[in-house]
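To keep things clear, I will list the structure first and then write my remarks on it.
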2 protein chains.
Amino acid sequence: MRQYVAPTVTVDGVVLRLLGEQLEVLLVRREQSPFKGEWALPGSYVSRSETTTQALQRTLHAKAGLDAQQLTFTEQLYTFDTPAMQDPRGHAVSVIYFVLGRGLQPAAGKGESPTFFPVDALPHLAYQHNDVVWHTLERLKGKITYTNIMFALLPSRFTFRQLQTGYQAILGRALDKRNFRKKILELHLIEPTASFDKKSAHRPARLYRFKKQSLESLTRNFD
Amino acid sequence: MRQYVAPTVTVDGVVLRLLGEQLEVLLVRREQSPFKGEWALPGSYVSRSETTTQALQRTLHAKAGLDAQQLTFTEQLYTFDTPAMQDPRGHAVSVIYFVLGRGLQPAAGKGESPTFFPVDALPHLAYQHNDVVWHTLERLKGKITYTNIMFALLPSRFTFRQLQTGYQAILGRALDKRNFRKKILELHLIEPTASFDKKSAHRPARLYRFKKQSLESLTRNFD
DNA sequence: ACAAAAGTGTTAAGAATACACCCATGT
DNA sequence: ACATGGGTGTATTCTTAACACTTTTGT
């Protein structure tokens, strides 16, 4: 049998968080060639002794201090296949993951300045990472219509306003308050808790929680 | 920097054709270990000098005599990441592609007995390939509702009956003839040609063609 | 009493579904 | 003339979208 030399395998993560009314993505400033000094998605090489998801966790921990427990959803997005001529590292196969978390904070003082940027105000990114982020956002827009994926972005208890704001941030458009409540309640995604959000100078809002803390497909679509 | 040994990279294809009222998938009988003698999706190793899509084309040509020109649609499906312990070859990263073609015929006499099997009557497959086929079919079901992907499975000119039969084979359920025509025409996916299918002992059916021979997203969903 | 956000129903338009008969051709 | 699949329209149900006021709290 012919002898094959394997391409290099790398892994990158598109890590998203919801902060206020903004959806934000984690970037690092590269300290090594290629693209030294440019912003990029966090990533690294995958060695033979680890799976791509293990390599991803190792990378997010090393570069941004994020722990696997804080990451409430991980899904493979796409695998890029860079011909040797277009990548200074030679032929590389990059497996990209889509990662969501709740209230993520990058650890200060880590080497590559891990920073969350609002998705509608990204700097220029190394590789084709601007496109990768765009595709990720499209995927999230799709998934939000037929799954309970918002559970991965919101705190465990939240108000209807927070939920609607999250949907609006992801879909990029305003939703009607009454229709939104009606639709969400019909989907039986969430349930009321006994408590209220009392931290504001107005009528307290009831807190809700997701019934399931893992991905489920809806029987009917939202929207 | 730490030294990494790259995992092995392989590529596999889920090649589908529409024959009569059946959707069929291409399988080969493995001649090498692991899983020698079992049916599996056609695949092979990817070397550093080729991309995964090039490796896929090389494989489909070598194992089943299929030519890139006959393959009307190719899309990446998923990348499996087999930890070293579960795969006799050690840690392998397998990039799986979803491939559609029109009137595909595997070349007889090629080594690994390339054979199309109806998707609802598959033998047991090596690796996790039965699951892979299942996921592929779900993907196709999804895509058929919001794209013109049927163009890749039907001949360039076809009757409404062929079109409806194709949709039914993919969706796995019967559709109402009148509603189907109405819906398809509203989507402006296809256009009538001047000719008719005269090869039958009954009223000739008008032949239609797809307006676009490349993937397009529909503005409104089918179904 | 005022400011601020919470909470609540109805109507109209559009989309999806169910359903049965006549038409054109070959044998 | 008959067998076979081709081709066509309407009525009903369900889903989506538009829209404004009252309630509850803190200051």
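From the phi angles alone, apply the Karplus equation (6.51, -1.76, 1.60; θ = phi - 60°) to the stretch B:69-78 and give each ³J(HN,Hα) in whole Hz, x where the residue is Gly or Pro.
Couplings: 5, 7, 8, 8, 7, 9, 8, 6, 9, 6 Hz.
In this model, which of A:Lys211/B:Lys143; B:Lys63/B:Lys143; A:Lys183/B:Lys212 are farther than 32 Å apart at the alpha-carbon?
A:Lys183/B:Lys212
Specify the inter-centroid distance of the stretch B:46-106 and the stretch A:145-223, based on alpha-carbon positions, in whole Å.
41
Treating only the Cβ atoms of Lys and Arg (+1) and Asp and Glu (-1) as charged, compute the dipole magnitude of the stretch A:148-210 about its Cα centre; round to the nearest 20 debye.
Values: 13 positive and 4 negative charges, 51 e Å.
In total the dipole reaches around 240 debye.
Among A:18-26, A:31-39, B:58-66, what's the highest-first ranking by average C-beta atoms within 10 angstrom per residue?
Details: A:18-26: 17.9, A:31-39: 12.4, B:58-66: 20.4.
The packing order, highest mean first, is B:58-66, A:18-26, A:31-39.
Just the C-alpha atoms of the stretch A:8-145: what Rg/Rh do they give, with Rh taken as the Kirkwood radius?
Values: Rg = 14.1 Å, Rh = 15.1 Å.
That ratio equals 0.93.
If you put a point 7 Å past Cα along the Cβ direction, how far is that point for A:Leu215 from the same point in each other copy, in nm, smallest first?
The answer, with the shortest distance listed first, is 1.8 nm.
How far is A:Ala174 from itself in the other copies, in nm, if each label sits 7 Å out from Cα along the Cα-Cβ line, shortest first?
Result, one decimal in nm: 4.9.
Residue by residue through A:37-49, how many Cβ atoms from other chains fall within 10 Å of the Cβ on average?
Mean shielding by partner chains, rounded to a whole number: 3.
Note the distances from B:Pro83 to each other copy's matching label point, with points 7 Å along the Cα-to-beta-carbon direction, in nm, sorted shortest first.
Between copies, matching label points for B:Pro83 lie 3.7 nm apart.
With no solvent and one point per C-alpha, what does the Debye sum give as log10 I(q)/I(0) for the protein assembly as shown at q = 0.06, 0.07, 0.13 Å⁻¹?
One equal scatterer on each Cα of the protein assembly as shown leads to -0.32, -0.43, -1.28.
With θ taken as phi - 60° and the coefficients 6.51, -1.76 and 1.60, list the Karplus ³J(HN,Hα) couplings across the stretch A:128-143 in order, rounded to whole Hz; mark glycine and proline as x.
9, 5, 4, 5, 4, 5, 4, 5, 4, 5, 5, 4, 5, 4, x, 5
Using only the alpha carbons of the stretch A:113-223, determine the length spanned along each of the three principal axes and report them from longest to shortest in whole angstroms.
Cα extents, longest axis first: 48, 37, 26 Å.
Nearest 10 degrees is fine. How inclined is helix B:177-187 to the longest principal axis of chain B, computing both from alpha carbons?
80
Can you list the residues, at least 5 places off or on another chain, whose amide H is less than 5 Å from the amide H of B:Val14, using H built in the peptide plane?
Residues meeting the amide H criterion: B:Tyr97, B:Phe98, B:Val99.
In degrees, nearest 10, range 0 to 90: what is the angle between the Cα axis of helix B:160-171 and the longest Cα principal axis of chain B?
40
If you restrict to DSSP beta bridges whose two residues both lie in the protein assembly as shown, what percentage is antiparallel, to the nearest 5?
75
Where a number appears in this text, it was derived from the coordinates with a stated rule and is not lab data. Since this is a predicted model, take the numbers as computed values, not measurements. Note that each Cβ is placed from the backbone with ideal geometry, even for glycine, and that neighbours are counted across all protein chains shown.
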